[in-house]
Each structure stands twice: as C-alpha cells, then as structure tokens.
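In what follows, a single structure is set out as structure tokens and then discussed.
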Amino acid sequence: MASEFDALVLRCRDIYQRLSPAHRRQLVSSLRAIATAFEDYGIVRSEGPTTPEDALRSAGISSKRQAKYQRRMSRLLAGR
C-alpha cells in the first residue's frame, strides 16, 4: 500500500511542491484517508490483469464448472 501511495504522491509532485508544509501534511492525510476508504470498501486495484477464470472463481464458480462451461461454449462456437 505504501508504494502505491508513494507513487501517487510522486505523480502529484508539481502541485505538492508548491504547497506550504501545513498544506502538504493536510494533503498527505487526506490521500491516506481516501486510500484507506478504498481499501475498506474493496475498491483497491488488483496487482495484475483479472482473467475471466479469476472473475468466475471469485464469484464462487468451481474450476470443474468453469471447464464444463468452456467445453459447451467451444462446441457452440465450432457449430457442433
């Protein structure tokens, strides 16, 4: 989390550097509060791209059921 926060501050560097020390502290505090809120609500960005399999797994669909669905779709697309 800290590295993402540090990256965010670096991206905002130009504005951040123009602020007074008091305003810098206030900005950092506000950004941390926002990051915490996102984390609490599960809106944190994932580390990598989400695959359809990951989405199905997180929805509670088993690998066996996923494989069955993929076979059906392959047959439909192949016209069999």
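The values are calculated or read from the model by the stated rules, or taken from the named source; none is laboratory data. Just so it is clear, the model here is predicted, and its values are computed rather than measured. As a convention, Cβ positions derive from the backbone with ideal geometry for all residues, glycine included, and neighbour counts pool all protein chains shown.
Residue-wise test of (1) modelled with pLDDT of 80 or more; (2) surrounded by 10 or more Cβ atoms within 10 Å (Cβ to Cβ).
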residue	(1), (2)
GLU4	no, yes
VAL9	no, yes
ARG13	no, no
SER20	yes, no
LEU27	yes, yes
LEU31	yes, yes
ALA37	yes, yes
ARG45	no, no
GLN66	yes, yes
With the condition kept exactly as written, say whether any residue in segment 47-63 is part of a helix (DSSP H, G or I), modelled with pLDDT under 80 and small (Gly, Ala, Ser).
yes
